[in-house]
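Asks: This is the structure I have questions about; it appears just below.
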Number of protein chains: 2
Amino acid sequence: MAEHAPPASPEHEEKLERLLGIAAEIFAEKGYHAASIRDLSKRAGVSLSGLYYYFHSKQELLLMIQERSLRKVMDELSRKLEGVDRPEEKLRTLVHNHVGFFAENMAAMRVITHEYDALEGECRARMRQLRREYSNLCQEILREVRRFTSAGDVAPLNVATSALFGMMNWIYAWYTPGSNVPVERLAEHLYRLFTGGFIGHPSTSSAGRKAG
Amino acid sequence: MAEHAPPASPEHEEKLERLLGIAAEIFAEKGYHAASIRDLSKRAGVSLSGLYYYFHSKQELLLMIQERSLRKVMDELSRKLEGVDRPEEKLRTLVHNHVGFFAENMAAMRVITHEYDALEGECRARMRQLRREYSNLCQEILREVRRFTSAGDVAPLNVATSALFGMMNWIYAWYTPGSNVPVERLAEHLYRLFTGGFIGHPSTSSAGRKAG
DNA sequence: GTCTGGTTCGAACGCTCGATCGGTCAACCT
DNA sequence: AGGTTGACCGATCGAGCGTTCGAACCAGAC
């Protein structure tokens, strides 16, 4: 192993990022197993064997796409959470960050949610760890929200967490960015649906801004 | 076409159902493209070519799994909805039916939600139609709920519908039947989360049963 | 016994896939 | 000028894929 160690030169990293982006698009379109390295070769304008200079295997390519993207989501969330104290506002930040990143980076996010099972062995373990971290962070925020509001035990925390991720991740199945529902509005809708529910409760809650 | 028309004899149908069940399991485990007809051949104890007596192609096999399963869900829902008048109860019935069928038929439901894009051309169109019917039914129920309750315009109906399906369909990513959360309880949790939200509203709603 | 038709099978075809290997070529260092 | 190295490529390998085809099996009817 370590046959061709990543030189990490800026140009190298730049081209790698470009390849990962194109690969994410292809994986998102056709699915990991149906997509071929030859597809990537054609669309990127790089020879088949030339691609293997940037990754060891198709598996590693998939892992890099997922790991880098999810890390970006988590890093940006951490940054945005600095200075935020109110639990409900933390939750709101998480939803907006997730949905926003999702809409702006549809291909990669689709690969994360849809091709997780395509990872094998060590690769799967690495992503499982990262996903768990993210999920735990979300669950802890929910715990705070519950403690600091009148939230009863409508559902166990893990069920609520999964439900929230379900709402957010299902976006890829129906939402097309640039539709009549802008991203920020969509995020706010999902946030309110989750906290207040479809029927909603009288007043409470944060932003009074509504109007359409 | 119509080379070997389905004789529809009881034994034929029975064996076909068995094959579809096993195929659903394999597709659910490895994904449509990663799974091979040879896998099905081995697990079913039928020769490779013998399988093609029951379907014309891998595509048709996938279509049959999805179409039959979703139709079952919809038929059973229609049956359960007979005699139900209150909109909220209709919604509750839909959620319980969907989640219940999901948990009891995990493989097929996973194939429906996860391998829809693996369908091509005519097959995709057929399933799109069926999915649209189901989704529309759900959306109409939500419309009724909104009209007959104090439900404000927390979110557009299509967003709410998609959010609900997201919550329900995401189950396959985390829930294992027979865990510490029984299916009926899970369904009720999701129903309440969706209608009342995570923070919830004072009283309202149906079943007063809570306790843990 | 033999005919018939639904059912099953072994063997093979053509194709695409992920991955490898030896080689080329410009850029840089000494 | 000679040598090293990072970046890239054409050709190819072996494996597995979906699908086909003709032959065999095996009830029950005659």
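Asks: Considering only residues of the stretch B:28-50 that are exposed (fewer than 15 other Cβ atoms within 10 Å of the Cβ) and basic (Lys, Arg), which is farthest from DNA strand C (Cβ to nearest atom)?
Replies: B:Arg43
Asks: Return yes or no: is B:Gly100 away from DNA strand D (no atom under 16 Å from the Cβ), farther than 22 Å from B:Ser36 by Cβ, within 12 Å of the chain's Cα centre (by Cα) and small (Gly, Ala, Ser)?
Replies: The answer is yes for B:Gly100.
Asks: Ok, one more. Could you list all residues from the stretch B:51-67 that are more than 8 Å from DNA strand D (Cβ to nearest atom), assigned to a helix (DSSP H, G or I) and within 14 Å of B:Ile22 (Cβ to Cβ)?
Replies: Those that are more than 8 Å from DNA strand D (Cβ to nearest atom), assigned to a helix (DSSP H, G or I) and within 14 Å of B:Ile22 (Cβ to Cβ): B:Leu62, B:Met64, B:Ile65.
Asks: I've got another one for you. Could you give me the residue pairs with C-beta distances under 9 Å whose first residue belongs to the stretch B:57-69 and is within 14 Å of chain A (Cβ to nearest Cβ), whose second residue is in a helix (DSSP H, G or I) and more than 14 Å from DNA strand D (Cβ to nearest atom) wherever it lies, and which are 6+ apart or on separate chains?
Replies: B:Leu62/B:Val111
Asks: If I go through the stretch A:7-27 residue by residue, how many of them are touching a residue at least 40 places away in the same chain (Cβ under 8 Å) and within 11 Å of DNA strand C (Cβ to nearest atom)?
Replies: The number of residues fulfilling the criteria is 2.
Asks: If you check B:Ala107 against the conditions, is it out of contact with any helix residue (DSSP H, G or I) (no Cβ under 7 Å at 6 or more places or on another chain), aliphatic (A, V, I, L, M) and more than 8 Å from chain A (Cβ to nearest Cβ)?
Replies: Spelling it out, it is not the case that B:Ala107 is out of contact with any helix residue (DSSP H, G or I) (no Cβ under 7 Å at 6 or more places or on another chain), aliphatic (A, V, I, L, M) and more than 8 Å from chain A (Cβ to nearest Cβ).
Asks: Considering each of A:His33, A:His12 in turn, give the residue that is modelled with pLDDT under 95 and within 14 Å of DNA strand D (Cβ to nearest atom).
Replies: A:His12
Asks: Moving on to the next point. Which of the following residues is within 13 Å of DNA strand C (Cβ to nearest atom) and within 21 Å of A:Ala125 (Cα to Cα): A:Lys58, A:Lys72?
Replies: A:Lys58
Asks: Of all residues in the stretch B:15-30, which are within 11 Å of DNA strand D (Cβ to nearest atom) and under 12 Å from B:Ala108 (Cα atoms)?
Replies: B:Ala23, B:Ile26, B:Phe27 - these are the residues of the stretch B:15-30 that are within 11 Å of DNA strand D (Cβ to nearest atom) and under 12 Å from B:Ala108 (Cα atoms).
Asks: May I pose another question? Considering only the stretch B:191-210, I want to know if a residue exists there that is more than 7 Å from chain A (Cβ to nearest Cβ) and modelled with pLDDT of 90 or more.
Replies: yes
Asks: Taking the stretch B:36-49, which residues are within 8 Å of DNA strand D (Cβ to nearest atom) and part of a loop (DSSP other than H, G, I, E, B)?
Replies: B:Ser36 - this is the single residue of the stretch B:36-49 that is within 8 Å of DNA strand D (Cβ to nearest atom) and part of a loop (DSSP other than H, G, I, E, B).
Asks: Can you tell me which residue in the stretch B:166-188 is farthest from A:Leu190 (Cα to Cα), limited to those that are surrounded by fewer than 21 Cβ atoms within 10 Å (Cβ to Cβ) and at the interface with another protein chain (Cβ under 8 Å from one of its Cβ atoms)?
Replies: By that ranking, first place goes to B:Val181.
Asks: So which residues in the stretch B:132-154 are in contact (Cβ under 8 Å) with a residue 12 or more places away in the chain and surrounded by 14 or more Cβ atoms within 10 Å (Cβ to Cβ)?
Replies: B:Tyr134, B:Ser135, B:Leu137, B:Cys138, B:Gln139, B:Ile141, B:Leu142, B:Arg143, B:Glu144, B:Val145, B:Thr149, listed by residue number.
Asks: Something else now. Look through B:Ala125, B:Ala103 and report the one residue that is outside any loop (DSSP other than H, G, I, E, B) and in contact with a Pro (Cβ under 7 Å, 6 or more places away or on another chain).
Replies: B:Ala103
Asks: Another question, then. Which pairs do you get when a residue that is closer than 19 Å to B:Asp117 by Cβ and within 14 Å of chain B (Cβ to nearest Cβ), found in the stretch A:30-53, comes within reach of a residue that is basic (Lys, Arg) and surrounded by 15 or more Cβ atoms within 10 Å (Cβ to Cβ), reach meaning Cβ atoms under 9 angstrom, with the pair 6+ apart or on two chains?
Replies: Short answer, once both residue conditions are applied: A:Tyr32/A:Lys58; A:His33/B:Lys30; A:Ala35/A:Lys58; A:Ser36/A:Lys30; A:Ser36/A:Lys58; A:Asp39/A:Lys30.
The values are calculated or read from the model by the stated rules, or taken from the named source; none is laboratory data. Quantities reported herein were computed from a predicted structural model and do not represent experimental measurements. Cβ atoms come from the backbone with ideal geometry, glycine included; neighbour counts cover every protein chain shown.
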